[in-house]
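Peer 1: Below is the structure I would like to discuss, written out as structure tokens.
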Amino acid sequence: MNVKNYVNFEILSLPENVSFARSSVGAFVSQIDCTLEDVDEIKLVVSEAVSNSIIHGYNNQKNGKIFISVIIYDNRTVEIIIEDNGIGIEDIEKALEPAYSSDPQRMGLGFTFMQSFMDDFEVLSKPNEGTSIRLKRNFLAKGKEAYA
Ligand SMILES: Nc1ncnc2c1ncn2[C@@H]1O[C@H](COP(=O)(O)OP(=O)(O)O)[C@@H](O)[C@H]1O
Ligand SMILES: [Mg+2]
């Protein structure tokens, strides 16, 4: 599988950067000729992951770094990696449970959305080191009807 195109960027953990990350990744992914719905799903997943880094990883502190990579492969697979150097996740299995949140005010559905909209989903995290979310989606596999 060959890399066709990629972008890497870094943002500060400011809430206004959620929409920047969401739109930038959406714009980049749009070069694959896929549906608007596909792009909207990618944007949703990116905003969930970046919000998690800001809210949970950095506890809303504004000086954290978030690293975002998007890779487009020859076979129309898109890989998105979102990383922070925040507090990390103690119990990943528990964090992935639908409707689990460490904050009772929140819905706990971010990871559930990521899993349902993507074909491949991986969380690497270490307490006090940070969290890395790796998401993959193939646009032939999922949007097949759209291209028939
Ligand atoms: N980047 C992160 N750093 C630290 N903890 C995280 C991170 N992302 C997710 N978590 C943990 O996983 C839980 C579940 O995340 P999520 O499904 O998005 O639900 P919510 O954001 O509504 O709490 C969070 O409540 C938090 O405890
Ligand atoms: Mg969340």
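The values are calculated or read from the model by the stated rules, or taken from the named source; none is laboratory data. Remember, predicted model here, so these are calculated numbers, not experimental data. So basically every Cβ, Gly included, is an ideal-geometry build from the backbone, and we count neighbours across all protein chains shown. To get the accessible areas, we keep the full protein, side chains included, count just its heavy atoms, and leave off ligands, DNA and RNA. Shrake-Rupley method; radii C 1.70, N 1.55, O 1.52, S 1.80 Å.
Peer 1: Failed condition for residue 23, given (1) under 16 Å from residue 137 (Cβ atoms); (2) open to solvent by 50 Å² or more (accessible area, probe 1.4 Å); (3) assigned to a helix (DSSP H, G or I); (4) not basic (Lys, Arg), with all others met?
Peer 2: (1)
Peer 1: Do the conditions hold for residue 48, that is, is it acidic (Asp, Glu), modelled with pLDDT of 95 or more, within 16 Å of ligand 1 (Cβ to nearest atom) and under 10 Å from the mean Cα position of the chain (by Cα)?
Peer 2: Considered against the rule, which asks whether it is acidic (Asp, Glu), modelled with pLDDT of 95 or more, within 16 Å of ligand 1 (Cβ to nearest atom) and under 10 Å from the mean Cα position of the chain (by Cα), residue 48 comes out as yes.
Peer 1: Any idea which residue in the range 57-74 is farthest from ligand 2 (Cβ to nearest atom), counting only those that are surrounded by 20 or more Cβ atoms within 10 Å (Cβ to Cβ) and in contact (Cβ under 8 Å) with a residue 60 or more places away in the chain?
Peer 2: 70
Peer 1: So, one more: Spot the failing condition for residue 57; the list is (1) modelled with pLDDT under 95; (2) within 15 Å of the chain's Cα centre (by Cα), and only one is missed.
Peer 2: For residue 57, the exception is condition (1).
Peer 1: Sticking with this structure for a sec: Mind checking which residues of the range 73-103 are among the hydrophobic types (A, V, I, L, M, F, W, C) and under 18 Å from residue 114 (Cα atoms)?
Peer 2: 78, 80, 81, 82, 89, 92, 95, 96, 99
Peer 1: When the residues of the range 75-96 are narrowed to those that are open to solvent by 30 Å² or more (accessible area, probe 1.4 Å), charged (D, E, K, R) and touching a strand residue (DSSP E or B) at 6+ places or on another chain (Cβ under 8 Å), which ends up farthest from ligand 1 (Cβ to nearest atom)?
Peer 2: 76
Peer 1: For the subset of the range 97-114 comprising residues that are of a type outside the set (Phe, Trp, Tyr) and crowded, with 17+ Cβ neighbours inside 10 Å, which member is nearest to ligand 2 (Cβ to nearest atom)?
Peer 2: It comes out as 110.
Peer 1: Output yes when any residue across the range 6-14 is within 13 Å of ligand 2 (Cβ to nearest atom) and open to solvent by less than 80 Å² (accessible area, probe 1.4 Å), and no when none is.
Peer 2: Within the range 6-14, none of the residues are within 13 Å of ligand 2 (Cβ to nearest atom) and open to solvent by less than 80 Å² (accessible area, probe 1.4 Å).
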